[in-house]
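One structure below.
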Amino acid sequence: MNNNEPKQIIYFGSSVFVFLILIWAYYNFISPNIYIWQQSMAGQAELAHAEYSRQIATCEALAKKESAKSLADAEVIRAEGVAKANKIIGDSLTGNEGYLRYLWIQGLQTNQMQVVYVPTEANLPIMEAHRLK
């Protein structure tokens, strides 16, 4: 047995003791704090995910709202165009009874495959129903 052997045993024993104290400290103090920290990070990540999901839903709702407004504006513009066209056609047909009769007769002659029900009075077509008012 040499002189260094008791020192080596003391060093080894001290190292084992320090190692055991470190393990005990890890399980009693460090490990619970790590778990708390991990749960805190998971909660923050979940909160951030929920916030971004809310922002996405808000942006999608705003886009749908703007789209609906644009579609409504387009429909109003189309309706105004149809109303103007109807007014122009109605104004051009006012006072043109002879031309309207001519178009009606031409339509009867060219559309041979169609059946047209014409209200009659004494076997003559009623063309001027408004005159009876």
Item checked: Pair list, Cβ under 9 Å, 6 or more apart: the stretch 100-116 residue part of a helix (DSSP H, G or I), other residue at pLDDT below 75 and polar (S, T, N, Q) -> Gly107/Gln114; Leu108/Gln114
Next item on the list: Would you point out which residue out of Gly13, Gly95 is assigned to a helix (DSSP H, G or I) and either small (Gly, Ala, Ser) or touching a Gly at 6+ places or on another chain (Cβ under 6 Å) (or both)?
Entry: Gly13
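The values are calculated or read from the model by the stated rules, or taken from the named source; none is laboratory data. Keep in mind that this is a model prediction, so the values were computed, not measured. Quick reminder, even Gly has a Cβ in these numbers, built from the backbone with ideal geometry, and neighbours come from all protein chains shown.
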